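Student: If you scroll down you'll find the structure; I have some questions about it.
The values are calculated or read from the model by the stated rules, or taken from the named source; none is laboratory data. Being a predicted model, the structure only gives us computed values, none of them experimental. Heads up, the Cβs are rebuilt from the backbone with ideal geometry, glycines too, and the neighbour counts pull from every protein chain shown.
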Amino acid sequence: MNLRNRAYSLEEAIKSLEHYCSYQERCHMEVSEKLRSMNMIPQAIDRIMVHLIEHGYLNETRFAIVFTRGKFNNKKWGKNRIKSELSKRNISNFNIKTGLEELNPQEYLIVFHQLAEKRWTALSSESNLLKKKQKLVDYLLYRGWEHQLVYDKAFELAKSESRE
């Protein structure tokens, strides 16, 4: 039987969503989408969401913190990209701010500089300095690093290369 056509009782749906939320941190939007995909009626969705929140399975502050740490540590995303992705998931500004406060400012800059220098080195086949600089800027901005940091670092790396 296809999951979309299966009828779930309230208890089955609660158990299923408890497991879904235990496996990995989820935001409210993901959980409500999952419930809609299970063909649950709006009243059941509301009851299940309340149950998950009351029993600690669903917590958007915790989600924002875990999401921020994960994307920064694993994907090397900057604050702008993290903010944007959390906003897409309808996370409140308060929770976004809380998540971003978890980032250590010194570690944040160290990761940025390492990432920029690694990418600069990887672009060594580009002989045109302006194109190389633009590729670095595009790469770092796409990953959500702040404009001023990106442009200052690109200028610094290009300047040091032109002296060689």
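Student: Scan the stretch 1-39 for residues that are surrounded by 17 or more Cβ atoms within 10 Å (Cβ to Cβ), touching a Lys or Arg at 6+ places or on another chain (Cβ under 9 Å) and part of a loop (DSSP other than H, G, I, E, B) and report the count.
Tutor: 4
Student: Here are the criteria: (1) surrounded by fewer than 14 Cβ atoms within 10 Å (Cβ to Cβ); (2) at negative phi. Tell me which single one N90 does not satisfy.
Tutor: Of the numbered conditions (1) surrounded by fewer than 14 Cβ atoms within 10 Å (Cβ to Cβ); (2) at negative phi, the odd one out for N90 is (2).
Student: Given (1) assigned to a loop (DSSP other than H, G, I, E, B); (2) farther than 20 Å from W145 by Cα; (3) hydrophobic (A, V, I, L, M, F, W, C), where does W77 come up short, assuming only one miss?
Tutor: Every condition holds for W77 apart from (2).
Student: Given the residues E117, E11, which is the only one that is among the acidic types (D, E) and under 30 Å from L157 (Cβ atoms)?
Tutor: Only one candidate qualifies: E117.
Student: Residue by residue through the stretch 1-33, note down the ones that are within 24 Å of G99 (Cα to Cα) and among the basic types (K, R).
Tutor: Once the filter is applied, which keeps residues that are within 24 Å of G99 (Cα to Cα) and among the basic types (K, R), the stretch 1-33 yields only R26.
Student: Which residue, of A44, A64, is out of contact with any strand residue (DSSP E or B) (no Cβ under 6 Å at 6 or more places or on another chain), among the small types (G, A, S) and closer than 30 Å to R143 by Cα? Spell out how you get there, then give the answer.
Tutor: Values: A44 fails: closer than 30 Å to R143 by Cα.
Exactly one residue qualifies, and that residue is A64.
Student: Based on what the data block shows, is N74 modelled with pLDDT of 95 or more, within 21 Å of Y139 (Cα to Cα) and surrounded by fewer than 18 Cβ atoms within 10 Å (Cβ to Cβ)?
Tutor: yes
Student: Name every residue in the stretch 13-62 that is without any contact (Cβ under 8 Å) to a residue 24 or more places away in the chain, farther than 18 Å from N95 by Cβ and in contact with a Leu (Cβ under 8 Å, 6 or more places away or on another chain), in order of residue number.
Tutor: Scanning the stretch 13-62 gives K34, L35, I45.
Student: Still on this structure, I have one more. With the structure loaded, tell me whether H113 is within 29 Å of Y151 (Cβ to Cβ) and not β-branched (V, I, T) or whether it fails that test.
Tutor: Against the criterion (within 29 Å of Y151 (Cβ to Cβ) and not β-branched (V, I, T)), H113 qualifies.
Student: While we're looking at this one, here's another question. Exactly one condition in (1) surrounded by 17 or more Cβ atoms within 10 Å (Cβ to Cβ); (2) in the same structural domain as W145 (by TED's automatic domain parsing) is not met by N95; state its number.
Tutor: Evaluating N95 over (1) surrounded by 17 or more Cβ atoms within 10 Å (Cβ to Cβ); (2) in the same structural domain as W145 (by TED's automatic domain parsing) leaves (2) as the failure.
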